[in-house]
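One structure below.
The values are calculated or read from the model by the stated rules, or taken from the named source; none is laboratory data. Since we're looking at a predicted model, the values are computed, not measured. Virtual Cβ from ideal backbone geometry, glycine too; neighbours counted across all protein chains shown. We work out accessible area using only protein heavy atoms, side chains counted, and drop any ligands, DNA or RNA first. Shrake-Rupley method; radii C 1.70, N 1.55, O 1.52, S 1.80 Å.
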Amino acid sequence: MMNLKRKSLLLLLLTITAGATSWAQQAVDIGNRRELFVDHHLVDQLKNATFQLHHPRNEGEVLKFDNPWEGNFSAYCTIIKDQGLYRAYYRGVRNAGEDGSAEEVTCYAESVDGVNWTKPDLGLKEIDGSKHNNAILAHEAPMTHNFSPFVDANPNANPEERYKAIGGIKKSGLMAYVSADGIHWKKKQQESVFTKGLFDSQNVAFWSESERQYVCYFRTWSGEGYHGFRSVSRTTSTDFIHWTEPEAMTFGDTPLEHLYTQQTSPYFRAPHIYVAIGARFMPNRQVVSEEQAAKLDVNPKYYKDCSDAIFMTSRGGNVYDRTFMESYIRPGVGLANWVSRSNYPALNVVQTSDTEMSVYVNEEYAQPKAHLKRYSMRLDGFTSLTAPYSGGELITKPFIFKGSQLEINYSTSAAGEIKIEIQDQNGKPIPGFTLEDAQPIIGNEITRIVSWKGGEDISQFASKPVRLRVYVKDGDLYSFKFN
């Protein structure tokens, strides 16, 4: 009988220990990474609170495609901020032609503030008998059709190859380029590095700090060949030369849409979150009439469709999160941006002030006034956790953090507030860190340290599974991180 009781007690203890271990294993390890409310990765419960998509503010035209070697069909722009200098790379071509035509060149512009841009006379490439231009690549079709560069964040990258790029179409495959300064480029090798895609769009690559490898997102279609929906696939590499078998991206339980570009890149304040501000293409959804198209002087083949910008994210793997199906940036007032292939976002979001970041959009496509426009947002302000005046709350899944302070990016009304409670992994409020102990947070700040009656120091909970209960009244919480 005693042996049976001892066995039962031992079994009970083992069960409890296994349960505790299971809880710890289920906890998400976020370290001191910044977390944004762009998906439900950390969400356990939402009560009278929602995630809200915020729309960038139109800051006006910043770059005209008005040089003779640029023009109406300039597109596939990339914006890079590197050591205080903003760089823009884009396709220059005035007349419509086949993808990869000999007329296409890769142009360059730069800025010290992301607002005022200049086109330097680089003297590198001869166009129409002159080297007085801002081209970094010419006479290298089809790579100049969609040349897409990035700054290599790989800590082991060769300094002479600090800048990398890909470009090409189905016929050529993707070619790899490298550069030490972002101006003078050469092919990594003479043969293409990847061929298993259709590539009829801007294909993008970057070094993933979280995945510790190069990642490439490229154009495929949902059907065979050019049938079905324009979509995205992904491949990875450890050396930028040898790439894995492609894997089609998935979009959760959402309807397929034509994604003309996807512009996937690591968000600079949270590089484990890939932000994709892409172009949603609506073929044959005509807004502009033939007479209106003539007044706009838009190319006759480019006004019978429309498009806008969408927002989605990924945390690696072959999954995009489309929590927000609504338009992120709508076409502007008037008809000039209700034509085919307008409103295509440039690759990358960049910081343009202490409180602001910017995304750039290709507008008035296939028209003489084609240009790049800047749109601004608050830092981390893609989305937010929001609740009305009556108040609402979020409870996170169990997670493990590193640090001693909780930092938030938030805004409230004068009547609103945010309070945060720390719970144990089972959802029990921890004495001294309950909602009643929390200092109400009121205001509008990019950085605020959360405090309770016991102060700001929460290092005692580091490396242990905890939850947050976030109460919001007439306010928005954009992000949080542990310092």
message = All but one of (1) open to solvent by 20 Å² or more (accessible area, probe 1.4 Å); (2) outside any loop (DSSP other than H, G, I, E, B); (3) more than 19 Å from T78 (Cα to Cα) hold for A293; state the number of the condition that does not hold.
response = (1)
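Quick grid of which residues meet (1) of a type in the set (S, T, N, Q); (2) within 20 Å of K373 (Cβ to Cβ); (3) modelled with pLDDT under 95:
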| site | (1), (2), (3) |
| --- | --- |
| R91 | no, yes, no |
| N95 | yes, no, yes |
| D113 | no, yes, no |
| D121 | no, no, no |
| H132 | no, no, no |
| A135 | no, no, no |
Test for G60: is it in a strand (DSSP E or B), within 28 Å of the chain's Cα centre (by Cα) and at pLDDT 95 or above = yes
task = Taking only the stretch 155-170 into account, find how many residues are closer than 30 Å to W221 by Cα and assigned to a loop (DSSP other than H, G, I, E, B).
result = 3
Selected residue [part of a loop (DSSP other than H, G, I, E, B), at pLDDT 95 or above, open to solvent by 20 Å² or more (accessible area, probe 1.4 Å) and in contact with a Leu (Cβ under 9 Å, 6 or more places away or on another chain)] from H55, H40 = H40
task = Considering each of F218, F251, F229 in turn, give the residue that is touching a residue at least 60 places away in the same chain (Cβ under 8 Å) and within 26 Å of V349 (Cβ to Cβ).
result = F251
ask   = Looking at the stretch 127-154, which of the residues that are part of a strand (DSSP E or B) and open to solvent by 20 Å² or more (accessible area, probe 1.4 Å) is farthest from R219 (Cα to Cα)?
value = S130
task = Would you be able to say whether some residue in the stretch 410-425 is out of contact with any Asp or Glu (no Cβ under 8 Å at 6 or more places or on another chain) and either without any contact (Cβ under 8 Å) to a residue 40 or more places away in the chain or in a loop (DSSP other than H, G, I, E, B) (or both)?
result = yes
task = Only one of these is in contact (Cβ under 8 Å) with a residue 60 or more places away in the chain, out of contact with any helix residue (DSSP H, G or I) (no Cβ under 6 Å at 6 or more places or on another chain) and either within 18 Å of T244 (Cβ to Cβ) or aliphatic (A, V, I, L, M) (or both): V193, V204. Name it.
result = V204
query = Is it the case that the stretch 267-286 has a residue that's loosely packed, with under 15 Cβ neighbours inside 10 Å, within 22 Å of H145 (Cβ to Cβ) and at pLDDT 95 or above?
reply = yes
remark   = Considering the stretch 197-252, residues that are assigned to a strand (DSSP E or B), among the small types (G, A, S) and farther than 22 Å from I80 by Cβ, and then whichever is most open to solvent (accessible area, probe 1.4 Å), we arrive at A248
ask   = Restricting attention to the stretch 165-185, which residues are under 19 Å from N154 (Cα atoms) and exposed (fewer than 14 other Cβ atoms within 10 Å of the Cβ)?
value = D181
task = Sort out which residues of the stretch 389-409 are over 20 Å from N483 (Cα atoms), part of a strand (DSSP E or B) and open to solvent by 30 Å² or more (accessible area, probe 1.4 Å), and write them in order of number.
result = E393
Residue check for D354: open to solvent by less than 40 Å² (accessible area, probe 1.4 Å), of a type in the set (D, E) and either closer than 18 Å to Q262 by Cβ or in a loop (DSSP other than H, G, I, E, B) (or both) = no
query = Within the group R448, R469, which residue is under 33 Å from the mean Cα position of the chain (by Cα), at pLDDT 95 or above, assigned to a strand (DSSP E or B) and under 23 Å from Q26 (Cα atoms)?
reply = R469
request  = Please work out which residue is nearest to S101 (Cα to Cα), limiting yourself to the stretch 177-205 and to residues that are touching a Gly at 6+ places or on another chain (Cβ under 9 Å) and of a type in the set (A, V, I, L, M, F, W, C).
outcome  = F199
query = Within the stretch 86-126, can you find the residues that are open to solvent by less than 60 Å² (accessible area, probe 1.4 Å), farther than 12 Å from I136 by Cα and hydrophobic (A, V, I, L, M, F, W, C)?
reply = V93, A96, V115, W117
remark   = For the stretch 433-442, the count of residues that are surrounded by 14 or more Cβ atoms within 10 Å (Cβ to Cβ), part of a loop (DSSP other than H, G, I, E, B) and not hydroxyl-bearing (S, T, Y) equals 5
inquiry  = If K402 satisfies all but one of (1) basic (K, R); (2) out of contact with any Asp or Glu (no Cβ under 6 Å at 6 or more places or on another chain); (3) without any contact (Cβ under 8 Å) to a residue 40 or more places away in the chain, what's the number of the condition it fails?
reply    = (3)
